[in-house]
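Enquirer: Pasting a structure below so you can have a look.
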């Protein structure tokens, strides 16, 4: 695992955007798994700006979803699908054939998981996975205690996740379950980037980076990844004891 610490959220986001652009330039048919949420939002906006300015060709890429709230329609502005279409797919004119997201309204969610697992295998594996970190240390919707051997699965969401998740919606919603890629797929991505920013994430990142690797702190699994990079800003790194040499 590599630890990169950046001055602020914008600097962190700019470097993350460059990681995506660089990959697509080097491997035009890359399979990308991009998390949603506040942590990567600016990175994706900057990536889109750079891609349009530099005429980077995304037409051969495949995009897969990391996770989704079960039971909500994709038109709901708080869903991962809505986020990805609004921030990335529509501005870059990504074709529907390039996009594979979880159908959270499916009557057969196990089949949805199997389909996503097959897409990853058929495409030769995930080239880049970008994830955030939940306030309880979750990665995707891999909540504390989930085995690292899991591939795509449906999960009951922790109360913390249900509570924090309300911020993405215009009004109260019931979000009791999630559908998500598993930690096994995270560990087998050719490159994994874990983003975090702000003082509120500092205690979580200290546990993930400096305490015992444990499934009760899923984010700590990044330290097992052969090509894992933790990219955080100075605020998120503020409780680390070993941060000095990692500044960018």
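Enquirer: When only Cα pairs under 8 Å and 6 or more residues apart are kept, what is the percent relative contact order across segment 1-143? Show your work: numbers first, answer last.
Expert: On the way: 181 pairs, mean separation 39.2, N = 143.
It rounds to 27 percent for segment 1-143.
Enquirer: Give the peptides 107-113, 169-175, 231-237, 152-158 in descending order of average Cβ contacts within 10 Å, highest first. Spell out each step's value before the answer.
Expert: Working: 107-113: 14.4, 169-175: 11.7, 231-237: 24.3, 152-158: 19.0.
Ranked by mean Cβ neighbours within 10 Å, highest first: 231-237, 152-158, 107-113, 169-175.
Enquirer: Taking a ≥ b ≥ c as the square roots of the eigenvalues of the Cα gyration tensor of segment 85-181, is the shape rounded (a/c under 1.5), prolate (a/b larger than b/c) or oblate?
Expert: oblate
Enquirer: Percent of Cα-Cα pairs more than 12 Å apart in segment 6-56, please. Don't jump to the answer; show the numbers that get you there.
Expert: Working: 813 of 1275 pairs.
Every Cα pair in segment 6-56 considered, those over 12 Å come to 64 percent.
Enquirer: Ok, one more. Shape of segment 102-151 from its Cα gyration tensor (a ≥ b ≥ c, root eigenvalues): rounded if a/c is under 1.5, otherwise prolate when a/b > b/c, or oblate? All intermediate terms of the calculation are to be shown ahead of the outcome.
Expert: On the way: a/c = 1.94, a/b = 1.29, b/c = 1.51.
Oblate.
Enquirer: If you rank 54, 11 by fewest surrounding Cβ atoms within 10 Å, what's the result?
Expert: Values: 54 10, 11 16.
Listing 54, 11 from fewest to most nearby Cβ atoms yields 54, 11.
Enquirer: Run through the DSSP bridge list for segment 2-246 and note the antiparallel percent, rounded to the nearest 5. Kindly include the intermediate steps, with their values, before the conclusion.
Expert: Working: 9 of 31 bridges.
Expressed as a percentage, antiparallel bridges in segment 2-246 total about 30.
Enquirer: Relative contact order for the chain using alpha-carbon pairs under 8 Å, separation at least 6, rounded to a whole percent? Present the calculation step by step, with values, prior to reporting the outcome.
Expert: On the way: 505 pairs, mean separation 64.9, N = 248.
Here the relative contact order equals 26 percent.
Enquirer: Another one. Given just the C-alpha atoms of segment 9-113, how large is their convex hull per residue in cubic angstrom? Numbers along the way, then the final one.
Expert: Details: hull volume 10.1 nm³, N = 105.
Output value, Cα hull per residue: 96 Å³.
Enquirer: With only alpha-carbon pairs counted, each pair once and no self-pairs, how large is the Kirkwood hydrodynamic radius of segment 118-248 in angstroms?
Expert: Values: mean 1/r = 0.0650 Å⁻¹.
Hydrodynamic radius (Kirkwood, Cα pairs) of segment 118-248 is 15.4 Å.
Enquirer: Moving on to the next point. Rank by packing, highest mean first: peptides 39-50, 72-83, with packing defined as the count of other Cβ atoms within 10 Å averaged across residues.
Expert: Working: 39-50: 20.3, 72-83: 17.5.
Descending mean neighbour count gives 39-50, 72-83.
Enquirer: I've got another one for you. What is the percent of Cα-Cα separations in the chain that go past 24 Å? Spell out each step's value before the answer.
Expert: On the way: 12951 of 30628 pairs.
Beyond 24 Å sits 42 percent of the P(r) for the chain.
Just so you know, all these numbers are worked out from the coordinates, no wet-lab data involved. Treat the numbers as computed from the prediction; the structure is a model and nothing was measured. Methodologically, a virtual Cβ is constructed for each residue, glycine included, from the backbone with ideal geometry; neighbour enumeration extends over all protein chains shown.
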